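Where a number appears in this text, it was derived from the coordinates with a stated rule and is not lab data. All figures in this text were calculated on a predicted structure; none of them were measured in a lab. Don't worry about glycine lacking a Cβ; one is built from the backbone with ideal geometry, like all the others, and counts go over all protein chains shown.
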Amino acid sequence: MKNLFKLLSVFLLLCAPVKADDAASVETEALEIAERLRCLVCSDENIEAAQDETAKDMRFFIRKHLTDGKAQDLVVHLLLAQYGDMISLEDDPVPTAENEETFIVAAWTICFFAMAFYIFRRSKNFNA
């Protein structure tokens, strides 16, 4: 019975979600994320160097979620969802379905009008 309890305890410990207990790893991950994001008020300054209250809130948000064991990409996506794409220092941080749909609709519209113009030009008798 004792061995079964020990085995069950070990199994539960292995299956439990891993939390980032190491403060150094949380700090390095937070710094990596902070390099990718800019302050809303200080626009070109990353959030780690900014002294604005919003940047402080973002730094706290990052460290809290990293301490809870969330992945870096998830934390970045949560920040982008909360503050918008303008905080990203990257050109296009997250390709969204809305951007892809807009591109597809624009491409089909251009193709439709190009074909309509071609058919219109072919139907007229032009003497060149």
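Contact annotation: residue pairs with Cβ atoms under 6 Å, 6 or more positions apart or on different chains, pairing a residue in the stretch 44-55 that is closer than 18 Å to LEU80 by Cβ with a partner that is of a type in the set (Val, Ile, Thr) and surrounded by 18 or more Cβ atoms within 10 Å (Cβ to Cβ), are ALA55/ILE47. Of everything listed in (1) of a type outside the set (Ser, Thr, Tyr); (2) in contact with a Lys or Arg (Cβ under 9 Å, 6 or more places away or on another chain); (3) within 17 Å of SER88 (Cβ to Cβ), the single unmet condition for ASP68 is (3).
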